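Structure first, commentary second.
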Amino acid sequence: MQTVRYVSTRGGSVPVSFRDAVTLGQANDGGLLMPNEIPNVAERNDSWQKLGFADLAIEIAGLYAPDIPRDQMSQLINDAFSSFSSPDVVPLRELNDCFVLELFHGPTLAFKDIALQVLGRLFELTLEEDDSYLNILGATSGDTGSAAIAGVKDRKRLNIFVMFPEGRTSLLQELQMTTVQCSNAHCIGIRGSFDDCQRIMKAIFDDVEFKTRYRLGAVNSINWARLMVQIVYYYFASLRFDEPVSFSVPTGNFGNILSGMIAKRMGAPIETFILGTNENDVLFNFFCTGVYERGQVHPTLSPSMDIQVASNLERYVYLQLRGDSVALNRFMDCFAETGRAELEGQHAHVEKVTARRIDTRECLQTISQVWQDSGYVLDPHSAVGVAAARSVGLTSPTVCLATAHPGKFPDAIARATGSSPPTHPFLLELDQANARKVVLPPNEANVRDYIVKELKTA
Ligand SMILES: *Cc1c(COP(=O)(O)O)cnc(C)c1O
């Protein structure tokens, strides 16, 4: 294989190295970065089967990040996964009719930790070498903020500012952000909605002078490094079986399932993908009809999937169009202008995706049923995946991804089972007495002033 370079899905920027792809996050032409080639490494499956999770991650990172020396990458990855509370990192559990891959053993008990623990360290490494600094600004409706803070906590040359709608996240979610004890994380409760937080963030990022002067960046859900790390657990889990497996994935932004599709293209023994959505069913509709159409956001029990614009879908469409950036631009422009775009027939479904829409009633029923049958408690996101898999019918061994620990969603679990969920030591440790945050009115000027003041005293 030639040395991998990262190209924009929109075809309008020069190819860049892995390090630049990590730093940039998004391509300069507004597209998403993709490796110019996805290597087929199926001949390594036998030897890779013997590797532990971190060692497999080092092999896969070696393919995509040739510009980071192996010993550095190896140290970074081992360090990232040493913060996980399970020695297997991603333990596989067997239920009556399917398997559950637990991706929630990181510091904030959600699957985003897996990639963000690595990404924070990758940022630190590149900033160190460039003798530079980065101040991350983010907006969260709940879950992503805490995983991003945990990824940046104690990392040198990085600060993080996270805005969240004051009083509108759950108390657990807020405490997971505000009780992190480190000097480089700043939590900002905004007296307004999540939309206000996003509007303020966009306004600040649009001010290029301010953004450059204060070295502001984003922890984008579209950073290629996040997908690279997520490929690992699909590959790892698929090698635990004697026959090709199917994966069922509770989906929001399409980052998780897309990583699985890339693992399959690399040669992981994967049969099909089952995509589960909640009532926010843009992706369900897309995989049934080829039409991608934005609607209103419906709040559900699985808030991390309450998404109407799935940013990583662009990469999927690009793959389906076989890298035809002209057609991709047409698709994305049409969606941006009209809120609707269609992927022409013969291209769709090459990846064998079966989509299911799981409503709140089915989600609760699944939590309750699995609990009664196996004594296992699913969180509401993971329950969407299990319900989707069951409704498709389980012909080959099926691995359902468990994306969050049930203890994070006590109200939903109580509704489904009539009793409180198993809790987790990390959640019991959250102590309101240690919470640190500022609360600001929903306007850009106050947030700017706060950032400037904090960076001056840092
Ligand atoms: C983010 C998230 C998802 C959705 O993952 P995508 O990559 O956005 O599809 C599902 N479950 C949980 C718990 C999450 O935090």
Only one residue in Arg44, Arg10, Arg19 is outside any loop (DSSP other than H, G, I, E, B), out of contact with any His (no Cβ under 6 Å at 6 or more places or on another chain), over 22 Å from Leu119 (Cβ atoms) and not polar (S, T, N, Q). Which one? Arg44
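Among the candidates Gln320, Gln308, Gln372, Gln365, single out the residue that is closer than 20 Å to Gly31 by Cβ and polar (S, T, N, Q). So that I can check it myself, show each step before the final result.
Values: Gln308 fails: closer than 20 Å to Gly31 by Cβ; Gln372 fails: closer than 20 Å to Gly31 by Cβ; Gln365 fails: closer than 20 Å to Gly31 by Cβ.
Answer to the selection: Gln320.
Anything in the range 266-279 that is more than 14 Å from the ligand (Cβ to nearest atom) and in contact with a helix residue (DSSP H, G or I) (Cβ under 8 Å, 6 or more places away or on another chain)? List them, or say none.
Met266, Gly267, Ala268, Pro269, Ile270, Glu279
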Could you give me the residue pairs with C-beta distances under 6 Å whose first residue belongs to the range 301-312 and is over 16 Å from Ala336 (Cα atoms), whose second residue is buried (at least 23 other Cβ atoms within 10 Å of the Cβ) and at pLDDT below 90 wherever it lies, and which are 6+ apart or on separate chains? Ser304/Asp143
What's the number of the only condition in (1) crowded, with 19+ Cβ neighbours inside 10 Å; (2) closer than 29 Å to Leu95 by Cα; (3) within 16 Å of the ligand (Cβ to nearest atom) that Thr360 fails to meet? (1)
Looking at Pro269, Pro250, can you tell me which residue is surrounded by fewer than 19 Cβ atoms within 10 Å (Cβ to Cβ) and modelled with pLDDT of 90 or more? Pro269
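Among Pro425, Pro380, Pro421, which is within 16 Å of the ligand (Cβ to nearest atom) and modelled with pLDDT under 95?
Working: Pro425 fails: within 16 Å of the ligand (Cβ to nearest atom); Pro380 fails: modelled with pLDDT under 95.
Answer to the check: Pro421.
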Expected output for the range 245-262 (first residue farther than 12 Å from Thr277 by Cβ and within 6 Å of the ligand (Cβ to nearest atom), partner of a type in the set (A, V, I, L, M, F, W, C) and assigned to a loop (DSSP other than H, G, I, E, B), Cβ below 8 Å, 6+ apart or cross-chain) is Gly255/Ile222; Asn256/Phe111
Any idea which of Glu94, Glu124 is over 30 Å from Gln320 (Cα atoms), more than 22 Å from the chain's Cα centre (by Cα), surrounded by fewer than 23 Cβ atoms within 10 Å (Cβ to Cβ) and acidic (Asp, Glu)? Glu94
Quick check: anything in the range 291-302 small (Gly, Ala, Ser) and closer than 29 Å to Ala404 by Cβ? yes
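Among the listed residues Ser86, Ser132, which satisfies the condition of being over 30 Å from Gly189 (Cβ atoms) and surrounded by fewer than 20 Cβ atoms within 10 Å (Cβ to Cβ)?
Selected residue: Ser86, the only one of Ser86, Ser132 that is over 30 Å from Gly189 (Cβ atoms) and surrounded by fewer than 20 Cβ atoms within 10 Å (Cβ to Cβ).
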Which numbered condition Gly290 misses (of (1) surrounded by 19 or more Cβ atoms within 10 Å (Cβ to Cβ); (2) more than 13 Å from the chain's Cα centre (by Cα)): (1)
For Val219, state whether it is part of a loop (DSSP other than H, G, I, E, B), buried (at least 20 other Cβ atoms within 10 Å of the Cβ) and within 16 Å of the ligand (Cβ to nearest atom). yes
Tell me which of these Trp224 doesn't satisfy, since it passes every other one: (1) away from the ligand (no atom under 15 Å from the Cβ); (2) in contact with a strand residue (DSSP E or B) (Cβ under 6 Å, 6 or more places away or on another chain); (3) hydrophobic (A, V, I, L, M, F, W, C); (4) within 19 Å of Ala54 (Cα to Cα). (1)
For a quick check of your reading: which helices (runs of 4 or more DSSP H) sit entirely within the range 406-458 and have at least 1 residues that are small (Gly, Ala, Ser)? 410-417, 444-457
Tell me which of these Leu239 doesn't satisfy, since it passes every other one: (1) farther than 25 Å from Tyr316 by Cβ; (2) modelled with pLDDT of 95 or more. (1)
So Ala310 ticks every box in (1) crowded, with 18+ Cβ neighbours inside 10 Å; (2) more than 13 Å from the ligand (Cβ to nearest atom) but one. Which box is left unticked? (2)
Here is a list: Val291, Val326. Which entry is modelled with pLDDT of 95 or more, more than 14 Å from the ligand (Cβ to nearest atom) and not small (Gly, Ala, Ser)? Val326
Contact list, first residue from the range 147-158 and on the phi > 0 side of the Ramachandran plot, second anywhere and charged (D, E, K, R) and in a helix (DSSP H, G or I), beta-carbon distance below 8 Å, six or more apart or interchain, is Arg157/Glu124; Arg157/Glu128
Within the range 61-173, which helices (runs of 4 or more DSSP H) (wholly inside it) include 2 or more residues that are within 13 Å of the ligand (Cβ to nearest atom)? 112-130, 143-152
I'd like to check something: does the range 108-119 contain any residue that is touching a residue at least 40 places away in the same chain (Cβ under 8 Å) and over 22 Å from the mean Cα position of the chain (by Cα)? no
Looking only at residues that are closer than 16 Å to Phe284 by Cα and in a helix (DSSP H, G or I) in the range 305-322, which one is modelled with the lowest pLDDT? Met305
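The values are calculated or read from the model by the stated rules, or taken from the named source; none is laboratory data. For clarity, every value in this text was computed on a predicted model and none was experimentally measured. Every residue, glycine among them, receives a Cβ derived from its backbone with ideal geometry; neighbour counts consider all protein chains shown.
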